[in-house]
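In what follows, a single structure is set out as structure tokens and then discussed.
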Amino acid sequence: MDYIILDIEFNGRKFASDLPMEVIEIGAVRLDASLQLVDTFTSLIKPRYFAKLNSFIRKKTGIPQAEIDRADRFPKVAKDFIAWLGRSSEFLLVTWGGEDMKRIVIDTRMHRMDEMFWLSIDYYDLLKGYLRAHGLNNDV
């Protein structure tokens with residue numbers, strides 16, 4: 001069993017737009033059963049609606065606008081990521097919060113791609129587990 005630690009970044013205007021926020025980067029590491037680093041995946045994504053990074057995201061991530069401008073679109077990156085995931089015969093996706101998986105499904109639907117892969121894979125929300133284990137009820 002491999003563990004895939006997933007982190008995504010997204011861009012957009014959460015409150016000032018009817019358009020959805022979009023995934024702009026997928027990053028992941030593959031750990032083996034001994035939790036040793038085996039492989040990495042990272043790819044920037046050129047947004048469909050919000051081509052210009054908002055200032056908060058630009059400062060938070062350090063992603064240069066020029067790199068986003070040259071990046072592939074979501075459908076290609078999602079296919080590449082699924083192929084990368086397929087290198088493991090069995091894996092568990094691990095996220096910090098549920099937003100990463102939610103955003104990938106939303107972008108998949110936005111690009112009229114089949115979301116069944118994302119809806120059917122096993123994943124563990126480490127934030128939720130951490131909160132439960134420590135008796136906390138708010139974000140850490």
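The modelled label-to-label distance between residue 66 and residue 131, using points 7 Å beyond Cα along the C-beta direction, is 4.1 nm.
Taking all protein chains together and a probe of 1.4 Å, list 38, 105 from the most accessible to the least accessible.
On the way: 38 85, 105 15 Å².
So the residues, ranked largest to smallest area, are 38, 105.
Using a probe of 1.4 Å on the protein chains alone, the accessible area found for residue 134 is around 110 Å². Can you tell me the length gained on complete extension of the stretch residue 35 to residue 105, counting 0.36 nm per residue apart and subtracting the Cα distance? Fully extending the segment from residue 35 to residue 105 adds 22.5 nm.
What you get for the range 78-140, charging only the Cβ of Lys and Arg (+1) and of Asp and Glu (-1), is a dipole of about 60 debye around the Cα centre. Computed from Cα positions, the angle between helix 74-85 and the longest principal axis of the chain comes to roughly 20 degrees.
Dipole check for the range 1-75: with +1 at the C-beta of Lys and Arg, -1 at the C-beta of Asp and Glu, and the Cα centre as origin, the magnitude is about 500 Debye. From the square roots a ≥ b ≥ c of the eigenvalues of the alpha-carbon gyration tensor of the range 54-130, which class results: rounded (a/c under 1.5), prolate (a/b over b/c), or oblate? The shape class here is oblate.
In terms of accessible area, using a 1.4 Å probe and ignoring ligands and nucleic acids, 128, 52 rank largest first as 52, 128. Among 37, 53, the order of accessible area from largest down is 37, 53, computed with a 1.4 Å probe on protein heavy atoms.
Placing pseudo-labels 7 Å out from each Cα toward the beta carbon at residue 49 and residue 90 gives an inter-label distance of 4.0 nm. Rounded to the nearest 20, the Cβ-based charge dipole of the chain about its Cα centre (Lys and Arg +1, Asp and Glu -1) stands at 600 debye. Rounded to the nearest 5, the antiparallel percentage of DSSP beta bridges internal to the range 1-135 is 65%. Residue 126 contributes an accessible area of around 80 Å² to the protein surface, as traced by a 1.4 Å probe with all chains present. Dividing the mean sequence gap of close Cα pairs (under 8 Å, 6+ apart) by how many residues the range 1-85 holds gives a relative contact order of 26 percent. The accessible area of residue 123, taken with all protein chains in place and a 1.4 Å probe, comes to roughly 100 Å².
The values are calculated or read from the model by the stated rules, or taken from the named source; none is laboratory data. Everything numeric in this text was worked out from a predicted model, so none of it was measured. So basically every Cβ, Gly included, is an ideal-geometry build from the backbone, and we count neighbours across all protein chains shown. Side chains included, ligands, DNA and RNA excluded: accessible areas come from the protein's heavy atoms. Shrake-Rupley method; radii C 1.70, N 1.55, O 1.52, S 1.80 Å.
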